[in-house]
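Shown next, in structure tokens, is the structure this report addresses.
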Amino acid sequence: MKKLWGGRFQKSPEKWVDEFGASIEFDQELVEEDIEGSLAHVKMLSKCGIIEQNEAEAIEGGLHALLKKAKNGELSFSSEYEDIHLNLEKLLIDEIGPTGGKLHTGRSRNDQVATDMHLYLRKHTKLIIKEIQELQHILIKKAEKNVETILPGYTHLQRAQPISFAHHLLAYFWMLQRDKERMEESLKRIGLSPLGCGALAGTTFPIDREYSAELLGFDGIYENSLDGVSDRDFILEFLANSSIMMMHLSRFCEEIILWCSEEFKFVELDDTYATGSSMMPQKKNPDMAELIRGKTGRTYGSLMSLLTIMKGMPLAYNKDLQEDKEGMFDTVQTVHGSLKIFAGMIDTMTVNEEKMHQSTKEDFSNATELADYLAKRGMPFREAHEVVGKLVYQCIEKKVYLKDLSLEEYQNASLLFEENLYDELDPHQAVARRISEGGTGFAKVKEAIVKAKKLVDEKEVLDLKTL
């Protein structure tokens, strides 16, 4: 079979070589974007008088016919034509005749594939932004119901201080807010058009790159043709942003997995997001949380793979760049799936308020309250820290908690202690007193929820105008 680029060649590669070099198995994912880019390109060719009006109309008609077939799953592709671009060009020629070959005028597969990936990532990045916002809404809704639900806060996975569960949930809201902002910021780079850069040096045809960029909804064009066809920074940025976001989801998953355990019992997942054991009938495993945690490594792998591919890449296009797509496609699918699963998992999760609260009464997470109590009465905090530390040790020796010590025992440690110290030890009061900005005090958490709702609702209105 003669290749569409085969004029210079006297021999055709063997089938297994074709299959090794082909990308159609995965880059057919770009079929709609490739046709979208071609429709803009042919309109530009006609506008600039590079092809005749009737030729442009025939090509456009053929492309629309292929697009309809693609959406209906009626197109068949072959590794003999290597990639999505040559497959579609062959199908277009079959559809309308030799005129279809004029579509490639003033264009290379190098700028064509780059354009496809810009279009693909723009679409999916905007969808991911919406999915992040949906998860943020769910976190806000859950937080509103749990402002005064108290659980132990941890450092080093050791109980540290009691906090509001809503405050804990909102920590992830703000992580996701940064993730969303990174995705939004990346649209500036994704929104550049490489179409018309040619193979590497532009073209001799009098094309109008700004016009084709405008037709495709891009914000501008690459100013350098070498850069335009070889740049994959926009994919690296997407993979990096996705990796950070997946890391945030993974951290949350780790906590959910712990909270579901018999040792914590802080939450229970809906049956939809859990599985059982084939051997142990009592088991309810948080498999979806574990999968998201695991898929985070998969996303990291895609980032590291492309970074490694790009590090030794001379200008301009090289066949190595064929390896830029599978990791991008896989990450897009992983992120979409993870956000959707996570939203449902949190929305349907049952919170065991009583168990959380009880846990704060059976530990020493109120020790800081005592140190602050002494500091407010004039004792240097470092000295107060030591006094309370000794009291904690005393409790450990007696197998009791701070609330169980008598006033006499407290006053033996310091005469600054008075009867009202027991109010300070109450976990609910300990949380309520945290009045600093960004703190876990109930009043501050309520303010934070108002801020979060306003931020997401306003941004949602803006985003709907741009999607």
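The values are calculated or read from the model by the stated rules, or taken from the named source; none is laboratory data. Owing to the predicted nature of the structure, the values given are computational and were not obtained by experimental measurement. Heads up, the Cβs are rebuilt from the backbone with ideal geometry, glycines too, and the neighbour counts pull from every protein chain shown.
Would the range 173-192 turn up any residue that is more than 18 Å from Arg251 (Cα to Cα), out of contact with any Gly (no Cβ under 9 Å at 6 or more places or on another chain) and in a strand (DSSP E or B)? No, because not a single residue in the range 173-192 is more than 18 Å from Arg251 (Cα to Cα), out of contact with any Gly (no Cβ under 9 Å at 6 or more places or on another chain) and in a strand (DSSP E or B). Here Ile244 meets each of (1) under 24 Å from the mean Cα position of the chain (by Cα); (2) within 23 Å of Glu353 (Cα to Cα) with one exception, condition (2).
Selection of the range 366-413 for residues being touching a residue at least 24 places away in the same chain (Cβ under 8 Å) and at positive phi yields only Gly378. Whether any residue in the range 317-340 is touching a Leu at 6+ places or on another chain (Cβ under 8 Å), under 28 Å from Glu263 (Cα atoms) and assigned to a helix (DSSP H, G or I) is what I want to check. Scanning the range 317-340, I find at least one residue that is touching a Leu at 6+ places or on another chain (Cβ under 8 Å), under 28 Å from Glu263 (Cα atoms) and assigned to a helix (DSSP H, G or I), so the answer is yes. Filtering the range 205-257 to residues that are farther than 30 Å from Ala289 by Cβ and among the small types (Gly, Ala, Ser) leaves Ser212, Ala213, Gly217, Gly220, Ser225, Gly228, Ser230.
One line per residue, one yes/no per condition, for (1) farther than 30 Å from Ala240 by Cα; (2) surrounded by fewer than 20 Cβ atoms within 10 Å (Cβ to Cβ); (3) not assigned by TED's automatic domain parsing to the domain that holds Asp116:
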| residue | (1), (2), (3) |
| --- | --- |
| Thr275 | yes, yes, no |
| Leu291 | no, yes, no |
| Gly294 | no, yes, no |
| Thr299 | no, no, no |
| Ser305 | no, yes, no |
| Thr308 | no, yes, no |
| Glu323 | no, yes, no |
| Asp330 | no, yes, no |
| Asp347 | no, yes, no |
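When every residue of the range 434-457 is checked against the conditions, none turns out to be among the hydroxyl-bearing types (Ser, Thr, Tyr), out of contact with any His (no Cβ under 7 Å at 6 or more places or on another chain) and in contact (Cβ under 8 Å) with a residue 24 or more places away in the chain.
Applying the criterion of being assigned to a helix (DSSP H, G or I) and among the polar types (S, T, N, Q) to the residues of the range 123-151, the residue that is nearest to Lys444 (Cα to Cα) is Gln136.
Residues that are modelled with pLDDT of 95 or more and either more than 31 Å from the chain's Cα centre (by Cα) or outside any helix (DSSP H, G or I) (or both) do occur in the range 107-114.
The residue pairs whose first member lies in the range 29-45 and is touching a residue at least 40 places away in the same chain (Cβ under 8 Å), whose second member is assigned to a helix (DSSP H, G or I) and among the β-branched types (Val, Ile, Thr), and whose beta carbons are closer than 7 Å, counting only pairs six or more residues apart or on different chains, are Leu30/Ile84; Val31/Ile84; Asp34/Ile84; Gly37/Thr115; Val42/Ile59. Consider the range 395-417 and keep the residues that are charged (D, E, K, R) and surrounded by 13 or more Cβ atoms within 10 Å (Cβ to Cβ). The one that is nearest to Asn366 (Cα to Cα) is Lys403. Just one of the listed residues (Leu425, Leu402, Leu416, Leu455) is out of contact with any strand residue (DSSP E or B) (no Cβ under 6 Å at 6 or more places or on another chain), at pLDDT 95 or above and of a type in the set (A, V, I, L, M), namely Leu416. Does Leu195 satisfy being under 26 Å from the mean Cα position of the chain (by Cα), modelled with pLDDT of 95 or more and within 29 Å of Ser230 (Cα to Cα)? Criteria not met by Leu195.
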